[in-house]
Amino acid sequence: MEVLTRGGRALDSVVEAIVVLEDDPRLNAGTGSRMRIDGRIQMDAALMNWDREAGSVAAIEEVKNPIRVAYDVLKTPHILLVGPDAIAFARSKGHARYDPSTPDSRRHLEESLEKIRNGRLPRYARKWKGVALHDTVGAVARDRRGHFATGSSTGGLAFMLPGRVGDSPIVGAGLYAGPRGAVSVTGIGEEIIKQVLSKFVYDRIADGLSPQAAADRGLALFPQDVPIGILALTSRGWGESCNRDMAFFASSARRTF
Ligand code: ASP
């Protein structure tokens, strides 16, 4: 809101909002991200602007704010950088080495490994599609010029092979923005990718649906046992739809504009 109220760009406000969330160790993005089953933290983050410029990183390690690296990717001719080359790119842009693990992320890993050892896995984890916590973060914004931007950042799911990438850094799946609005989603990445969920919701907005109706249509694509959360923003307001308890913050931005 500080960025927006001083006339800044929606894109910059999304980056700064996600940095705050990445730095909060309670959330599964940046510091405190979930560990892969080998104990490594690999993170995904993405940004998309109203003019459809986008930047993302996947399976990036040892950086403090993946969303800032995604912003640096947005300024290149590319959209997505992955793995060790994404880390090398981050270092070349001045992102220092940083360990995002916390006592809680280590405890979560121990719990997951114990469940694997016991074989007492929930159905979703047996399919490697499970998630114990949905603390991925996302932000959508509209600035004074009426331009939209969206972003997302995650440490992934509870049970993950190294190298696995979900929906969060994939344009059209985890996020989408254009001249008509901005969408950011959370949930089981494999299911979200199959439905190209964010583009689906954006297209409903472009068809003329309200952001709430568009988000509800997106949620209706999924069975109840697939956790999903959707944020949608248009010039008419915002919509939020989810089939689990999730934290949303709706600002009073409309007053400002
Ligand atoms: N969508 C993220 C992923 O599959 C996880 C989440 O939203 O909690 O990596």
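The values are calculated or read from the model by the stated rules, or taken from the named source; none is laboratory data. Because the structure is a prediction, the values reported are computed rather than measured. In this analysis, Cβ positions are derived from the backbone assuming ideal geometry, glycine residues included, and neighbour counts consider all displayed protein chains.
Among the residues of the stretch 176-198, those that are more than 10 Å from the ligand (Cβ to nearest atom) and part of a loop (DSSP other than H, G, I, E, B) comprise PRO179, ARG180, VAL196. All of LEU11, LEU27, LEU81 fail the test of being over 23 Å from PRO179 (Cα atoms), surrounded by 21 or more Cβ atoms within 10 Å (Cβ to Cβ) and touching a Leu at 6+ places or on another chain (Cβ under 9 Å), apart from LEU27. Of everything in the stretch 208-238 that is assigned to a loop (DSSP other than H, G, I, E, B) and within 16 Å of the ligand (Cβ to nearest atom), the residue that is nearest to VAL140 (Cα to Cα) is PRO227.
Just one of (1) within 14 Å of the ligand (Cβ to nearest atom); (2) closer than 27 Å to GLU110 by Cα; (3) under 16 Å from the mean Cα position of the chain (by Cα); (4) not aromatic (Phe, Trp, Tyr) fails for ILE18. It is (2). Take the conditions (1) part of a helix (DSSP H, G or I); (2) under 21 Å from MET48 (Cα atoms); ALA173 misses just one of them, which is (1).
Scanning the stretch 22-31 turns up at least one residue that is in a helix (DSSP H, G or I) and at pLDDT 95 or above. One residue alone among VAL183, VAL140, VAL171 is farther than 24 Å from SER105 by Cα, under 13 Å from the mean Cα position of the chain (by Cα), in contact (Cβ under 8 Å) with a residue 60 or more places away in the chain and surrounded by 24 or more Cβ atoms within 10 Å (Cβ to Cβ), and that residue is VAL140.
Annotation: GLY156 fulfils all but one of (1) surrounded by 24 or more Cβ atoms within 10 Å (Cβ to Cβ); (2) in contact with a Leu (Cβ under 7 Å, 6 or more places away or on another chain); the unmet one is (2). Among strands (runs of 3 or more DSSP E) entirely within the stretch 71-162, having at least 2 residues that are more than 16 Å from the ligand (Cβ to nearest atom) and either modelled with pLDDT under 95 or not basic (Lys, Arg) (or both) singles out 148-154.
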